[in-house]
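Down below is the structure, laid out as structure tokens.
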Amino acid sequence: MYVKLSGIEVLEIGPGTNRRYPFRPKASWGCEVVFLDLEKPSDDVKNFGHWVLGDAQTLPFRESVFAQIVASHVIEHLEDPLKFLSECRRILKTGGSLDIYSKLH
């Protein structure tokens, strides 16, 4: 089952929920954003964008739905980074961008 969206083209994965990790979104301001995280957002950030609970390695969206995906400091924590990349490719529109931010180790 996929999450239904209308007109939202930006997905940010793992923005932090102000519970265990601070909310530090990287997606462009001034656009509608879907935030996906493993845990529910705290009350002080839940009204910023649209929140979906989910796993970055099994994204709950249909194919070719987002023009941009942003993932900041997520990929280095995943059990299967290649599955994550495959899922991002699946849900990105043709010509869309995947912006990954990560520390060099």
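When the dipole is taken about the Cα centre of segment 10-100, and only Lys, Arg (+1) and Asp, Glu (-1) are charged at their Cβ, what size is it in debye, to the nearest 20? Don't jump to the answer; show the numbers that get you there.
Numbers: 11 positive and 13 negative charges, 28 e Å.
For this selection, approximately 140 debye.
Taking amide hydrogens as modeled 1.01 Å from N in the peptide plane, which residues meet the under 5 Å criterion relative to residue 99, leaving out close sequence neighbours?
69, 70, 71
Only counting other Cβ atoms within 10 Å, I'd like 91, 13 sorted with the fewest neighbours first. Present the calculation step by step, with values, prior to reporting the outcome.
Details: 91 19, 13 26.
Arranged by neighbour count, lowest to highest, 91, 13 become 91, 13.
Hey, fewest Cβ within 10 Å first, where do 44, 55 land in order? Mind showing how you got there, number by number?
On the way: 44 10, 55 16.
Neighbour counts put them in this order, fewest first: 44, 55.
Kirkwood-based Rg over Rh for segment 38-105 (C-alpha set), two decimals? If you can, show how the numbers build up before the last one.
Numbers: Rg = 12.8 Å, Rh = 13.1 Å.
Computed over Cα atoms, the ratio is 0.97.
Of 53, 98, how do they rank once you tally other Cβ atoms within 10 Å and put the fewest first? Provide the component values of the computation, followed by the final result.
On the way: 53 13, 98 16.
Ordered from fewest to most neighbouring Cβ atoms within 10 Å, 53, 98 come out as 53, 98.
Which ³J(HN,Hα) values, rounded to whole Hz and listed in residue order, are derived for segment 96-101 from phi using the Karplus coefficients 6.51, -1.76 and 1.60 in 6.51 cos²θ - 1.76 cosθ + 1.60 with θ = phi - 60°, glycine and proline given as x?
Values per residue, Gly and Pro as x: x, 10, 10, 10, 10, 10 Hz.
Rounded to whole Hz and in sequence order, give me ³J(HN,Hα) for segment 50-64 from the Karplus expression 6.51 cos²θ - 1.76 cosθ + 1.60, θ = phi - 60°, writing x for Gly and Pro.
Per residue, the Karplus-derived 3J(HN,Hα) values read 10, 9, 10, 7, x, 9, 5, 8, 9, 6, x, 10, 6, 5, 6 Hz.
Would you mind checking which residues have amide H under 5 Å from residue 33's amide H? H placed 1.01 Å from N; only 5 or more apart, or other chain.
50
In percent, how large is the relative contact order of segment 10-100, given Cα pairs closer than 8 Å and 6 or more residues apart?
On the way: 172 pairs, mean separation 26.7, N = 91.
That works out to 29 percent.
Bear in mind that the values in this text are calculations on the coordinates, not laboratory data. Only a predicted model underlies this, so the values are computations on that prediction, with no experimental measurement involved. Cβ atoms come from the backbone with ideal geometry, glycine included; neighbour counts cover every protein chain shown.
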